[in-house]
Amino acid sequence: MKDRRIGVFVCYCGGNISDYVDVNKVRDAIENEPGVAVAKTHMFTCSDAAQQEIIEDIQNEKLDGLVVASCSPKLHLFTFRAMAERAGLNPYQYVQVNLREQCSWAHRDNVELATDKAIRLVRAGIAKTRLTEPLSTLRIETKPKVLVIGAGVAGLRAALAISDLGLFVFLVEKEPEVGGWTRKWNKMFFHDQRGDDIIDMLKDQIKQRENITLFTNAEVVEKGGSVGDFSIKVRVGKDDTISLEVGAIIVATGFDVYKPAEGEFGYGLDGVIRLPEFKDLVTQSNGTINYNGRTVKNIVYIYCVGSRQFGDIDNPNLYCSRYCCSAAAYEALCAYEKNPELHQFHLFRDMRTYGKHEVLYEEARTRQSIFIRYEDEDPPVVERVKGKLRVRVHDQLTGGEELEIEPDLVVLVTSMVPRENDKLVDILKLPVGLDGFFNEIHPKLRPVETVVDGVFIVGAAQSPKTMAESVASALSGVSKSAALLMKGYVDLEPFIARIDTELCEWCEECTKACPYDAVEKVSVDGKEVAHIIESLCKGSGACIPVCPKDAIDIEGYTDVQVKAMIDALIQEAV
Amino acid sequence: MARVNPSFLDEVSCSSDFNAFACMNCGVCTAVCPMGLDLLPRRLFRYVLIGLEDKVIENTETIYTCLLCKMCEENCPAEVKIAENVKCLRSYINRKVFKL
Amino acid sequence: MDPKEPAGNAGLKVLAFSTNNISDPGIDLAGSAHMHYSPSVLVLPIPCSSGIRPSWVLHALKAGFDGVFIAADGTDCAYLPDCTDRTGKVFTEAQTLLKENGYDPKRLKMAAICSVCAESFVSHMENFQKDLIGLDTA
Amino acid sequence: MAKQLFVTPYRCIDCKNCEIACSFIHTQDPQKPALPRIRAYTFKGDVHSVALCQQCEEQTCLEVCPTGALVRDPETGVIKRTDACILCRTCALACPYGNIHFDPLNKEIVKCDLCDGDPFCAKYCPSRALIWAEEPAPDLEPEMEVEGLLGEEEARYSANRCLDCGGCSECHECVNVCPADAVKLDMRDEEQILEVSSVIVSTGFNLFDAHLKPTYGYGRYPNVITAMQMDRLLSPTRPFNHVIRPSDGKRPDNIAFVLCTGSRDQTVNNRLCSRVCCMYSIKQSQLIMGALPLADITIYYIDIRAFGKGYDEFGEQAKAMGVYFVKGKVAEIKETENNNLTVFYEDIAGGDGLKDAEHDLVVLSVGLLPNIDALNLFDEGLLEADIYSYVKEIDEDINPGKTSIDGVFVAGAASAARDIPDSILHAGAAAAQAAAYIERMRADK
């Protein structure tokens, strides 16, 4: 190993570190470590002045490795990487040691031991840095085109917004018609807009756009490449397959309406229908609401069908579907508008008409909808007795009184469930959560991004949403795609797997372990070995322990680095 | 087992001010009632809404315990005109029970 | 320098493998909230707990650590939906390796530490160090 | 016996020679006469005297000095100001007799130091009201008592009336000690003109003021706090490192959350649901469980609105951890003798009717209200509001974030109560729309 010239900078962080760690003692303890050329302390390493001094040190001392022992890397890893870059040092030869969150702050009760630990941590950082190699990001030129999968309200709106920004869109819809569930629906809360009107309006606009290509009866069958440069195969109609090259993918595959099991709240009995079917009845009505030729006078709504499930159900839907309370209250209002003589009973658990939707609940009550609360463990029972529907329920609001209602119609307020999309999940390698919906990286900070770079999830494919919320999420996905593509290139982190082709004997274990299809078989000098597709590897390291030959390492966390760090951590501090 | 009778509500409702159905079942009225009766006023009107006529008549005495002090009305987050509703209920009882 | 550990855990050295995205923020939070745990707990960050080589665990014990703790991603892992199973496999393999080399497999412990699991991390460390006291030296 | 400065008030003729002498001897620059350390007074018409530092034993000035700039000479007992003085004026505030002053002209704190053993005031006193001697002047009339401007008690009382001692006294000490030079006291508001093509209004919400719900006693009962205060107690950088209750610093072991404080409540003119309170209360209850494992936590609710992704699961988790959920809005809170609180409610789900329960801390889960400042950002009347005074989204279904002004978009809680995930998505939408708007403007040019 060639001699390294490493700079180590230990931060006081005002007093946040230095009050509990003897910073100078740390500096003294490591300044003669092999490879250390400069060892200094700074009051605030992150300050402009200190950064400037460090840059000068890097340049004057010709440093080829850098350790900053300061706060958590979550805070300033990128700060110092950028600083290293400005100084002409390879940013991946920089290692940050966490002396604040994981040392000084945690051990404020013992300065001596905190200092002892700090020395070990810095030494481990140096040990790691000593074994770093210059790495470079993988720069990928991005294609200014976006694939939108699913042409429901979210997909259509997303396509328009992308087109607005001057990017090309390929919009792929599985069904022969666009519009998804929204097309099928009449008036919708919260603004009384008709679903079919909205879809028609969006469809018209899309037709006028030259930079949107719509494929119906079409399905994505293959995905290659990676962020910024995907190659996609789409099957259109029965046999045609076309190839597309896109920079980003927006998945807007929507939801399905929950289909209750036979007998679940009487489902299957004559007169027991789901909310979407009831919506159609209300739409068709002129004055009275009719079902199978009979006039409906009394309606029972049962809430939480397919949501917040409990008891002995296989794979229960534990989640709340969020839209249903508001939708049912709204539908009751629509029904009341048609026929004010109706008696409507709502069997609910918690009314979740959040935010401004509260007004729907309030109006439904003043339009004489009666709300009856059933207990989680004691759901209502729907039967057909002597040709008549009968619903039995204990009303918690009336001291658990057992009530019997004889409705003409039972409306099951059904949940949104994830679509069966196994093929697409497999093709895109999308993460699916416990609830079956696609999983974002972080619900608050990165709600439309997935672990697959360049693939975004929007609308009800991510979780149940109202139409307005789906559209907001779709536009959010557009923002993210545009931010990615309009720069023209994307840089990928180089901390990915690498194969020692000497050791590798191609046993397939790594390729089986990789969820991202990042390992392929290649031939090197006539020998079959594994090869990492750089643009696909995420650097999780999942392949590391499965390799029987220990032939894989993750850059930045190699076997020798980890072992050197362990040795440095255990070495007596002084 | 009690049979729900939705038309009972129409029988009790005596004026456009009757709005017991606007109740969101928060229970504040019961908790502030100076008479401290569990039934008053929320649950009593539940009986009316659901149409449990027997229960209502059973509680005739309770209905007349109300002071019409409007403590409940003052605190009701849903603007239910509780005192007005009680009056309607009394008028119903007068007709039904006391045959007035 | 021979600093003395506060009574209770006899300064037993614990190496904690923690993950950049999930458990490290949890351990950071323990510090930010000024909770205390033993300074002989030393954290080594890695990308994902399913990428730990069992041999690293053995290496740590041979080097002189008294115990190794894997702060696993659990179901929060952003890389792998089945991270728990994979890390579980690593854990079992590492325990077998320890047994083969004459180490008590109890010297390795694993628990999912989420990004806000500060209190849970601290109590795991306390309990682990306590458990380690009772173990025979290898 | 050492020499002392003796004051004989009845001899004083209020000629102010002492002041002039003092000023003269301490002046470095004739353009900037020193503030005299001694003051001559006339009060009640014809009574004259002087006031100057008493070098008193109760050395309040010395004790309050944050930098130790005041020291007592161990030999002479004289209290002197040293160069460590940072001009914070705390000593001036603390002196019960008002004998320490800030000299604005010379920017220094002045107090009598007896001129290092040769007080000039005495030298120049023509009436011998001031003498520097080992004993009082023989002709001093013993029955003549000094009637001070204020007695000690009065002076102390007056000094205590000052309420601003802890506030910023512009001592600049923070500027001096900040190693990063981060404190700048000379910064001023600055008006800047920016030319932009599009504006995103993300001015957020206002919190409901819990005082407006007087039946809950916020502001009257110390142990009724808002959820924002609880959040502070629970945050990683919490001030006390424990969850404690305000009245006595005790760790509470029976905590109540009162949901819908100021939401879904026509008595305070807000019929809307605030959307976040259920979840933040559940979150706090879980955090409290971590901080105080033995504490009982009760959440009083009308409906639990755990509607977002993973929210219901989170609520169930809290239930499993032992948080009690009671259906019934709290009607009233009363304080007991030991500052505990009794909440009155109807136990609706339990069917138990009217109930009360005692808690040692009550957290009011206050709701969200529109931030009406947003409506004044543009020329009057341009930015339309909805009937609840939120910024109106004129086409929420298809163009979320679009407002009544072309090119102006709204994001987050400025247009409706929103939680963080929904605010973030909404903001993403506003960004996409603003970008599209700018792109369109460019194309039109």
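General observations
- Distance from the Cα centroid of region A:214-290 to that of region D:396-427 is 27 Å (rounded to whole angstrom).
- Quotient of Cα Rg and 2.2 N^0.38 Å for region C:14-133, N being how many residues it contains: 0.98
- In plain terms, the bigger the Kirkwood radius, the slower the diffusion; for region D:321-445, with that radius from Cα pairs, at 25 °C and 0.890 mPa s, Stokes-Einstein puts D at 134 µm²/s.
- Cβ-based net charge around D:T342, under 13 Å, with every Lys or Arg adding one and every Asp or Glu removing one: -4
- Excluding ligands, DNA and RNA, the accessible surface per residue across region B:8-96 is 38 Å² with a 1.4 Å probe.
- Chain lengthening between A:S136 and A:D204 when straightened (0.36 nm per residue, less Cα-Cα): 19.8 nm
- Of the trypsin sites (Lys or Arg not before Pro) found in region A:23-97, those in coil by DSSP whose Cβ has at most 13 other Cβ atoms within 10 Å are A:K62.
- Gyration tensor over the Cα atoms of region A:495-554: the corresponding equivalent ellipsoid has semi-axes (square roots of 5 times the eigenvalues, largest first) of 16, 12, 10 Å.
- Sites matching GluC sites (Glu not before Pro) across region D:39-92 that sit in DSSP coil, with at most 10 neighbouring C-beta atoms within 10 Å: D:E57, D:E75
- Simple Cβ-charge dipole of the protein assembly as shown, Lys/Arg +1 and Asp/Glu -1, about Cα centre, in debye nearest 20: 1960
- Residue-wise HN-Hα coupling along region A:235-240, computed from phi with Karplus coefficients 6.51, -1.76, 1.60 (Hz; x: Gly, Pro): 8, 10, x, 7, 10, 5
- log₁₀ of I(q)/I(0) at q = 0.34 Å⁻¹ - region C:21-62, Debye sum with one point per alpha carbon: -1.17
- Accessible surface, per residue, of region D:215-309 when the full set of protein chains is kept, probe 1.4 Å, Å²: 34
- Percent of Cα pairs exceeding the 48 Å cut-off, where the set is the protein assembly as shown: 48
- For region A:39-197, a Kirkwood radius taken over Cα pairs fed into Stokes-Einstein (20 °C, viscosity 1.002 mPa s) yields D = 105 µm²/s.
- In terms of overall dimensions, chain D has a Cα radius of gyration and Dmax of 33.3, 102 angstrom.
- FRET efficiency for D:C15 and A:D109, using Cβ-Cβ distance with R0 set to 56 Å, rounded to 0.05: 0.30
- A straight chain from A:T295 to A:T213 at 0.36 nm per residue would run longer than the Cα-Cα distance by 24.9 nm.
- Loop-located GluC sites (Glu not before Pro) in region A:43-86 (DSSP state other than H, G, I, E, B) with a sparse environment of at most 16 neighbouring Cβ atoms within 10 Å: A:E61.
- Residues in region B:85-100 carry Karplus couplings, in order, of 5, 4, 4, 4, 5, 5, 5, 5, 5, 4, 5, 7, 8, 8, 6, 7 Hz; the curve used is 6.51 cos²θ - 1.76 cosθ + 1.60 with θ = phi - 60°, and Gly or Pro positions show x.
- Computed from the alpha carbon positions, the gyration tensor of region A:290-388 leads to an equivalent ellipsoid with semi-axes of 23, 20, 11 Å, biggest first.
- Of all accessible heavy-atom area on region D:205-369, the percent that carbon and sulfur account for (1.4 Å): 52
- Computed about its Cα centre, the charge dipole of region A:6-135 is approximately 320 debye, with only Lys, Arg, Asp and Glu carrying charge at their Cβ.
- Between A:A37, A:C510, D:T215, the Cα set farthest toward the positive side of the dipole of the protein assembly as shown (charges on each charged residue's Cβ, about the Cα centre) is that of A:C510.
- Using a Förster distance of 41 Å, the FRET efficiency for B:T60-A:K388 (Cβ separation, nearest 0.05): 0.80
- Which of A:S540, A:V562, A:T450, positive extreme of dipole for chain A (C-beta unit charges): A:T450
- Radius, Kirkwood style, for region D:191-295 when every pair of distinct Cα atoms is counted (Å): 16.2
- Separation of the B:K99 and D:S235 label points, Cα + 7 Å toward Cβ, nm: 7.2
- Options A:V300, A:T283, A:Y323, ranked by Cα towards positive dipole end of region A:257-406, top entry (Cβ charges): A:T283
- Relative to the Cα centre, the charge distribution of region A:349-432, modelled as +1 at Lys and Arg Cβ and -1 at Asp and Glu Cβ, gives a dipole magnitude of about 420 debye.
- Extending 7 Å from the Cα toward the beta-carbon at both D:E173 and A:L75 defines two label points whose distance is 2.5 nm.
- Taking the Cα atoms of region B:21-100, the ratio Rg/Rh between the radius of gyration and the Kirkwood radius comes to 0.94.
- Per-residue HN-Hα couplings for region B:58-63 [Karplus 6.51, -1.76, 1.60; θ = phi - 60°; Hz; x = Gly/Pro]: 3, 9, 3, 4, 4, 4
- Cα-based Kirkwood hydrodynamic radius, chain A, one decimal, Å: 28.1
- Distant-in-sequence amide H partners of D:C56 (H built 1.01 Å from N, under 5 Å): none
- Under the simplified labelling scheme, the A:D192-D:D406 pair shows an inter-label distance of 2.8 nm, with each label point 7 Å from Cα along Cα→Cβ.
The values are calculated or read from the model by the stated rules, or taken from the named source; none is laboratory data. Just so we're clear, the structure is a prediction, and the values are computed from it rather than from any experiment. A quick note on method: Cβ atoms are made from the backbone with ideal geometry, for glycine too, and the neighbour counts reach across all protein chains shown. Each accessible area value is taken on the protein alone, full model and side chains, heavy atoms only, with ligands, DNA and RNA left out. Shrake-Rupley method; radii C 1.70, N 1.55, O 1.52, S 1.80 Å.
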